[in-house]
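The values are calculated or read from the model by the stated rules, or taken from the named source; none is laboratory data. For clarity, every value in this text was computed on a predicted model and none was experimentally measured. Virtual Cβ from ideal backbone geometry, glycine too; neighbours counted across all protein chains shown. These area figures cover heavy atoms from the full protein model, side chains too; ligands, DNA and RNA do not enter into them. Shrake-Rupley method; radii C 1.70, N 1.55, O 1.52, S 1.80 Å.
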Amino acid sequence: MRTRLVAAVAAGKAATALSRRLGLGAGSNFPGRVVLRLYPRALEDMASRLERGCVLVTGTNGKTTTSNLLASMLREAGLRPVHNRVGANLITGITAALAQSSDLRGEPRGDIGLFEVDEATLPAAVRRLRPRMVIVTNLFRDQLDRYGELETLAGKMDGALRELEPGSVVLLNADDPLVASLGKDSPASIRYYGIESEEAAEKVLRHAADSKHCRVCGAPLAFTAHFFGHMGKYSCPRCGTARPFPHFSATRVELRGTEGTSVTVSTPSWRASLSLPIPGLYNVHNLLAALGGALLLGLGREEVERGVRGYVTAFGRGERIPLEGRDIFLVLSKNPTGFNEVIRTVRGEGKDLVVLAALNDRIADGRDVSWIWDVDFEELAPLPRVLVAAGTRAFDMALRMKYAGMDAARIEVRGDLREALRAALAHAREGETVYALTTYTATLELRRILTRMGAAPGLWEGGSS
């Protein structure tokens, strides 16, 4: 078995190096397939050698940012997380990250595994990795052709949490009614995080909100505060089910547009004011998830604060990349709730903007792009002086913007993403920002283009995995 593991890890490392040398990508998935083909139990064997076990981060939005924030805090505490930081969150991606972070004998060079996990992959990841902690960020309608309806997905995740071992911990988003309902039959301890401050709350529940009914009795939930999507403070008037009180909370929130957010956080033992260098109310949830996870792992206030101060924005999650005297503000926008929050952030930048909106329909995006009709593009339409529509479904994006009320003369269609970037840069004045709102594979593609242009480092640079 040891011989097979050694051979599999060596092959995985070679596949990663080749992929990066040929410019085919970060080598974040294919090497994992190579490793598992040569030795199917490689993942279990490598993970079992992690002294401090594994932490899994799952949910629809926020997995990458939450896990990167938590990784920053862990490093400040002197730990060495083995982390799939590029975001390859299937079993193959986790295997590739472990192989890349191990020596040639298959011994991890780190002491704790930190893996973001695709929601549908959670059951397999729990069985194979036996995690000490699972963090669930949220559940939104996303890729219906792959995941199915949210209740089906929640049922599978509930089954995975029931397989956790006694002594493990589940950290749930209290503001998401569906997420907060998970884990009732799990042997793990359950903890919650959420936003207490209502400063940034919206006046009404948006039409794109998903989980608006009680999971216990099916009655419509009553909300006293709406943060975004179906996130908020809620209770069921029929059976009394209500939002659990969060152990880790944000008691003050000040949104500062694309520059970031000021947050006052409260924990069972201390309070602190933090400056989060990434925008959007949804990233306050990601901060609380990472902070709660860190404290439950035994870290202290100082490590958490230093981890936030030293955080480097994850690729495509609000990155600001200088190019040719302009800035590219690159932000992943992949489902109705996420896109609405991105629009909310961009609204704070004023009008006369240059926007690049890239919509792809590849397998990793979901083939069905009808979700764009649930995005409140009517709030985006007045802002750009020009919007460049790009991607495999560029014309769908252009049509949606026209129906949102945007003058067709201000919409430019460029299917090819490199051409679209060039067009957007040409429209932007010296010192201006191009706001690139991109679906998943478009984010990866645009990031690779920027790397080849010398504007951004490769996705694999700057980390241990």
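A few remarks follow.
- Considering only region 30-182, percent of DSSP beta bridges that pair antiparallel, nearest 5: 5
- Förster-model FRET efficiency, 45 Å R0, Lys203 and Glu324, C-beta, rounded to 0.05: 0.65
- Solvent exposure of region 83-183, expressed per residue, is 29 Å² of accessible area, with all protein chains present and a 1.4 angstrom probe.
- Rounded Å value of the spacing that divides the Cα centres of region 189-231 and region 307-360: 25
- Here the gap between Cys239 and Glu379, fully extended at 0.36 nm per residue and compared with their Cα-Cα distance, gives a gain of 46.7 nm.
- Overall form of the chain per C-alpha gyration tensor (a/c, 1.5; a/b vs b/c): oblate
- Taking label positions 7 Å along the Cα-Cβ direction at both Glu259 and Glu430, the computed distance is 2.4 nm, reported to one decimal.
- Pairs from the table (Lys212/Lys233; Lys351/Lys402; Lys63/Lys402) lying more than 21 angstrom apart at Cα are Lys63/Lys402.
- In region 117-198, the trypsin sites (Lys or Arg not before Pro) that fall in loop regions by DSSP, at most 14 other Cβ within 10 Å: Lys184
- Between amide H atoms placed 1.01 Å from N, distances below 5 Å from Arg130 occur with no residue 5 or more places distant or on a separate chain.
- Per-residue 3J(HN,Hα) values for region 382-395, derived from phi via the Karplus relation 6.51 cos²θ - 1.76 cosθ + 1.60 with θ = phi - 60°, read x, 7, x, 7, 8, 10, 9, 8, 9, x, 5, 10, 4, 5 Hz in sequence order (x marks Gly and Pro).
- Dipole in debye (nearest 20) - the chain, about Cα centre, beta carbon charges: Lys, Arg +1; Asp, Glu -1: 1160
- Signed unit charges on C-beta, dipole axis of the chain, positive-most listed residue Ala272, Phe115, Ala290: Phe115
- For region 381-465, the set of trypsin sites (Lys or Arg not before Pro) satisfying both a DSSP loop assignment and a count of at most 13 other C-beta atoms within 10 Å is given as Arg429.
- Reachable aspartates and glutamates, given that their alpha-carbon falls under 16 Å from the alpha-carbon of Lys13 and they are not under 8 places away in the same chain: Asp103, Glu107, Glu461
- Distance between modelled label sites at Arg21 and Val312, nm, 7 Å Cα→Cβ extension: 2.4
- By the Cβ rule of 4.7 Å, the chain holds the following cysteines without a possible disulfide partner: Cys54.
- The residues of region 369-424 expose, per residue, 42 Å² of accessible area to a 1.4 Å probe.
- As a fraction of the 1.4 Å probe accessible area of the chain, surface on carbon and sulfur atoms comes out at 50 percent.
- Think of the chain as having a plus end and a minus end, set by charges on the Cβ of Lys, Arg, Asp and Glu; of Ala96, Leu56, Ala7, Ala7 sits farthest toward the positive end of this dipole.
- Each of Ser333, Leu417, Ala364 was scored by the projection of its Cα onto the charge dipole of region 282-432, and the greatest displacement toward the positive side belongs to Leu417; charges sit on the C-beta of Lys, Arg, Asp and Glu.
- Computed over the chain, the per-residue total of -39500 (n - 2.57) for DSSP H runs of n ≥ 4 gives a 222 nm mean residue ellipticity of -10000 deg cm²/dmol, rounded to 500.
- Neighbour-limited loop hits for GluC sites (Glu not before Pro), region 211-305 (at most 11 other Cβ within 10 Å; DSSP other than H, G, I, E, B): none
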